[in-house]
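The values are calculated or read from the model by the stated rules, or taken from the named source; none is laboratory data. Since the structure is predicted, the reported quantities are computational estimates derived from the model, not experimental observations. Cβ placement follows ideal geometry from the backbone for every residue including glycine, while neighbour counts extend to all protein chains displayed. We work out accessible area using only protein heavy atoms, side chains counted, and drop any ligands, DNA or RNA first. Shrake-Rupley method; radii C 1.70, N 1.55, O 1.52, S 1.80 Å.
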Amino acid sequence: MARIIVVTSGKGGVGKTTTSAAISMGLALKGHRTAVIDFDVGLRNLDLIMGCERRVVYDFVNVINGEATLNQALIKDKRCEKLFILPASQTRDKDSLTVEGVGKVLKDLAKDFDYIVCDSPAGIERGATLAMYYADDAIVVTNPEVSSVRDSDRMLGILASKSRRAEQGEEPIKEYLLLTRYSPVRVRLGEMLSVEDVQEILSLHLLGVIPESKAVLNASNSGAPVILDEKSDAGQAYADVVRRYLGEDVTHRFIDEEKKSLLGRLFGG
Amino acid sequence: MGLLDYFRGTRQSSAAIAKERLQILVAHERSERGKPDYLPMLQKELLEVIRKYVNVDPESISVSMEQDDNREILELNIILPDDGERKKPKRV
């Protein structure tokens with residue numbers, strides 16, 4: 001039986017797709033059979049971040065409509081054989097996703113996979129509500145910035161009331177905070193909300209902090225999830241996040257400023 | 001933050017302002033959560049009916065919904081004006 005994880009935020013541009021790509025790759029690299037689904041119907045982008053955009057033949061909506069089988073639509077990752085991508089449809093028909101259709105695809109996937117990562121679109125429209133509807137766990141991606149924090153809180157309200165678990169009175173979705181684009185320097189200068197500030201406002205369990213990093217754009221430029229860039233700060237931060245999610249006790253990093261050497265200080269390196 | 005402000009220690013950092021604003025906003029939005037969305041409309045229409053008979057101030061009516069395990073309470077609170085004003089109700 002698979003565990004269904006939704007990566008959500010409410011606000012756009014905070015790093016949901018980057019996070020979905022990194023976490024699904026991380027889980028697969030740990031040996032878990034993982035499927036990652038793009039729920040952003042009409043604005044498909046996960047394929048591009050995963051570097052498989054030229055291999056898309058069938059999509060999520062084709063599977064729901066019975067025009068293709070799951071096996072035909074799933075794209076096997078070239079770097080990790082445990083990872084499969086289910087791309088979003090580019091149709092403009094917003095009604096193509098249905099509760100029943102999504103439920104059936106997830107049920108079929110659950111037979112073969114250990115983890116199903118649902119990459120939610122921004123907003124609170126159908127794609128976003130369906131991405132979280134069947135979730136067991138929710139990773140709430142938040143930037144240390146007022147509109148993102150507010151939207152995350154709104155998503156928490158929706159997770160607690162509009163999900164399958166909420167409607168059927170089951171144990172609620174496990175919610176985790178992932179703070180992205182974090183800049184310890186700006187926090188020290190009083191220009192950015194700190195991890196503690198955001199946690200205090202949202203009262204969520206902290207899954208990890210991803211620092212603002214050049215590696216993220218480099219990764220999306222080349223279509224390789226940033227977690228594969230093992231030397232980068234963001235790559236290491238995501239690797240920690242995956243280990244933490246799997247239950248390991250990993251100390252938080254990238255929250256404080258890097259201590260510079262004397263030479264580094266002198267030359268501003 | 002300028003150097004002078006730094007030494008005076010007067011101006012709040014923008015992060016502190018952000019936190020304060022968010023705490024107020026999030027608390028407010030959480031209290032509104034789960035309430036039926038017809039409340040503002042109900043409040044407006046009730047006010048219109050009452051104002052046919054009594055000249056009440058639009059601000060002096062409030063409708064709220066409270067919920068506990070086994071019941072929901074719809075509370076309607078109207079502050080009537082002083083006697084002098086009450087004698088000349090607005091007829092529509």
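Screening residue A:98 with (1) away from every other protein chain (no Cβ under 14 Å); (2) farther than 25 Å from residue A:208 by Cβ; (3) open to solvent by 70 Å² or more (accessible area, probe 1.4 Å) gives one miss only, at (3).
Taking the range B:50-86 on its own, how many of its residues are outside any loop (DSSP other than H, G, I, E, B) and open to solvent by less than 80 Å² (accessible area, probe 1.4 Å)? Steps first, answer last, please.
If we filter the range B:50-86 for residues that are outside any loop (DSSP other than H, G, I, E, B), which is where we start, we get B:50-53, B:58-67, B:72-78, B:83-86.
Narrowing further to those that are open to solvent by less than 80 Å² (accessible area, probe 1.4 Å): B:50-51, B:58, B:60-65, B:73, B:77-78, B:84.
Qualifying residue count, the range B:50-86: 13.
For the range A:133-190, which residues satisfy the criterion of being of a type in the set (Asp, Glu) and more than 12 Å from every other protein chain (Cβ to nearest Cβ)? Correct list: A:136, A:137, A:167, A:170, A:171, A:175.
With respect to (1) under 17 Å from residue A:253 (Cα atoms); (2) more than 8 Å from chain B (Cβ to nearest Cβ); (3) not β-branched (Val, Ile, Thr), the lone exception for residue A:194 is condition (2).
Could you grab me the full set of residues in the range A:18-43 that are within 16 Å of residue A:226 (Cα to Cα) and surrounded by fewer than 24 Cβ atoms within 10 Å (Cβ to Cβ)?
Step one: of the range A:18-43, the residues within 16 Å of residue A:226 (Cα to Cα) are A:18-30, A:36.
A:29, A:30 - these are the residues of the range A:18-43 that are within 16 Å of residue A:226 (Cα to Cα) and surrounded by fewer than 24 Cβ atoms within 10 Å (Cβ to Cβ).
Pairs linking a residue in the range B:30-44 that is free of Cβ contacts under 8 Å to residues at least 24 places away in the same chain to a residue that is open to solvent by 100 Å² or more (accessible area, probe 1.4 Å), with Cβ atoms under 9 Å and 6 or more positions apart or on different chains, are B:33/A:154.
Where residues in the range B:19-47 are within 9 Å of chain A (Cβ to nearest Cβ) and not in a helix (DSSP H, G or I), which of them is surrounded by the fewest Cβ atoms within 10 Å (Cβ to Cβ)?
Restricting attention to the range B:19-47, the residues satisfying the condition of being within 9 Å of chain A (Cβ to nearest Cβ) are B:19, B:21-23, B:25-26, B:29-30, B:33-34.
From the residues that got through so far, the ones that are not in a helix (DSSP H, G or I) too are B:33-34.
Values: B:33: 14, B:34: 11.
Top of the filtered list is B:34.
Within the range A:110-130, the set of residues being open to solvent by less than 30 Å² (accessible area, probe 1.4 Å) and more than 18 Å from the chain's Cα centre (by Cα) comprises A:110 only.
Does the range A:83-99 contain at least one residue that is more than 19 Å from the chain's Cα centre (by Cα), outside any loop (DSSP other than H, G, I, E, B) and of a type in the set (Asp, Glu)? Show your work before the answer.
First, pick out the residues of the range A:83-99 that are more than 19 Å from the chain's Cα centre (by Cα): A:90-99.
From what's left, outside any loop (DSSP other than H, G, I, E, B): A:94-96, A:99.
If we keep only those that are of a type in the set (Asp, Glu) as well, we get A:95.
Among the residues of the range A:83-99, at least one is more than 19 Å from the chain's Cα centre (by Cα), outside any loop (DSSP other than H, G, I, E, B) and of a type in the set (Asp, Glu), which makes the answer yes.
Evaluating residue A:106 against the criteria (1) open to solvent by 80 Å² or more (accessible area, probe 1.4 Å); (2) under 21 Å from residue A:23 (Cα atoms); (3) not in a loop (DSSP other than H, G, I, E, B) leaves one unmet condition, (1).
Against the conditions (1) under 15 Å from the mean Cα position of the chain (by Cα); (2) open to solvent by 10 Å² or more (accessible area, probe 1.4 Å); (3) more than 14 Å from every other protein chain (Cβ to nearest Cβ); (4) over 25 Å from residue A:87 (Cβ atoms), residue A:208 satisfies every one except (2).
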